[in-house]
Amino acid sequence: MIKFKKKLLSSILIALSVSLFTPTKATVQAAEISQPNIVGKYAVTLDYDTGEIIYAKGIDEKAYPASTTKVMTSLLFAEHASKNDSFPYTADAKAQQPYTLNNSFGPIPVGEGMNANDLMKALLMFSANDAASVIADGVAGSAEKFSVMMNDEVKKLGLKNTHFVTPNGLHNEDHYSTAYDLAVILQNAYKNPWVSETMALKDSDITVNGKKVLLENRNKELGIDGNIGGKTGFTTPAGRCLVSVYERNGRKIIGAVLNSQYDAKDEIVFNDMNKIIDYSYSVDKVPYIKAGTTIDTIPVEYKLFRWFGPTKKIDVPFVATENIDYYKNYVNEKETSKSINLNDMNAWQLASNPESAAVTVTQRAYVKDYPVKADIGTFTLIKANFLSYLGIIVLAIVVIVLILLIIRAINLRKRRRRRRNIF
């Protein structure tokens, strides 16, 4: 009896040890990560390489972008100019509101030549409104013509909720964008080495009126926790805005925050960005469709006799052979779509090679094919057409019997004729 009690006690202790010290599964840990609360009204994070939406808050709501507009200006400038080009300082540039090079380091006379690389630094680091005007006038001839180029680029990128009027983002009722659109614009602009190199500068000298002046980058988070570039913005109607690029452990993530607050220490918008970026690097994908789940059942064509005969259709279920995962947010939950890609296979071919099809999963700009298995076999097709095949077999037998009877009748006639000829 004592031995039994000792064994029972040992079993209980072992069970408790296992339950207490066994690690919690990663999926449970991932589920515990909640989306951060931020001050900014609109925000998004994107995987830089895939375009997948990770964090989403009002990402398609139209808002004023303020100086984050200059990211688009930098993209067009990089595509239409070289670092050593020179552009004249224009009257339109001189008329711009601060921040400007003219107000801070001038006066700059109209017609004064400005180096293109200095203009890019002034645009992205110092956020000079007059530098944006010099670029617009130099590249397109006027701000109005440059805005046409900006909006053409918007269409080229497939964005639907952005309209630019000015090259610098100073307030205009018809000048608007969204967190998602600005993130995509930054994603594409950052691919240009001139843009990314300039965004990475914490400070740099430029020449204004023949003298060297030091510019400091207004991106306060540059070089901290993986921040490798970005652009700030502010107007009273727009609130505080920020778009940023981060890289941690070889993976880049784009972030955009619009209509945040400009506090005394100018920390809120940067805190907003840090929260959504930290979340985006921590959160795991969750299953959209689990392995073994029937994704869809669709009609597939085939010939009754494999290569010939009447065309028929059969409903074929397609089953996921691996987990199809996504980042859980309201956009992906609403927009993620799937479609079966047969790869020009008919039902007979699918029966012979059931894993030859794929499912295409689309999440806005992100599109990926996953393997699936067609739940169909040769016997399924034969069974579906059993009566047809049976009817054909019966008909074939009848035809063969008729042919044999005809042959027999002919042979009998021949024999009778021979007998008559003998007698």
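Remark on residue 114: its backbone amide H falls under 5 Å from those of 87, 89, a criterion applied only to residues 5 or more positions apart or on other chains, H modelled at 1.01 Å from N. Taking the centroid of alpha carbons for each part, the stretch 77-128 and the stretch 34-65 are 31 Å apart. Using the Cβ-Cβ distance between residue 322 and residue 161 with R0 set to 51 Å, the FRET efficiency works out to roughly 0.90.
Distance between the pseudo-spin-label points of residue 308 and residue 400 (7 Å out from Cα toward the beta carbon): 1.9 nm. With the simple spin-label model, which puts each label point 7 Å out from Cα in the Cβ direction, the residue 355 to residue 343 separation comes to 1.1 nm.
Considering helices alone, the calculated mean residue ellipticity of the chain at 222 nm is -12500 deg cm²/dmol, with DSSP H runs of length four and up weighted by -39500 (n - 2.57) and normalised per residue. The three principal axes of the Cα atoms in the chain give end-to-end lengths of 137, 92, 35 Å, sorted in falling order.
Taking 35 Å as R0, compute the FRET efficiency from the Cβ-Cβ separation of residue 247 and residue 174 and round it to 0.05. Walk me through the intermediate numbers first.
Working: r = 35 Å, r/R0 = 1.01.
For residue 247 and residue 174, the calculated efficiency is 0.50.
Roughly speaking, what is the stretch gain from residue 296 to residue 213, that is 0.36 nm per residue apart minus the C-alpha to C-alpha distance, in nm to one decimal? Before the final figure, lay out each step's value.
Values: separation 83, 0.36 × 83 = 29.88 nm, distance 6.38 nm.
Gain on extension, residue 296 to residue 213, equals 23.5 nm.
Calculate the FRET efficiency for residue 95 and residue 369 from the Cβ-Cβ distance with a Förster distance of 45 Å, rounded to the nearest 0.05. Approximately 0.25, to the nearest 0.05.
Extension gain for residue 205 to residue 82 (0.36 nm times residue separation, less C-alpha to C-alpha distance): 42.5 nm. The distance between label points at residue 415 and residue 263 comes to 11.3 nm (points 7 Å beyond Cα on the Cα→Cβ vector).
For the stretch 224-283 versus the stretch 340-359, the spacing of their alpha-carbon centroids is 46 Å.
Values quoted throughout were computed directly from the atomic coordinates according to the rules given, and no laboratory measurement underlies them. What you are looking at is a predicted structure, and each value in this text was computed from that prediction instead of being measured. Heads up, the Cβs are rebuilt from the backbone with ideal geometry, glycines too, and the neighbour counts pull from every protein chain shown.
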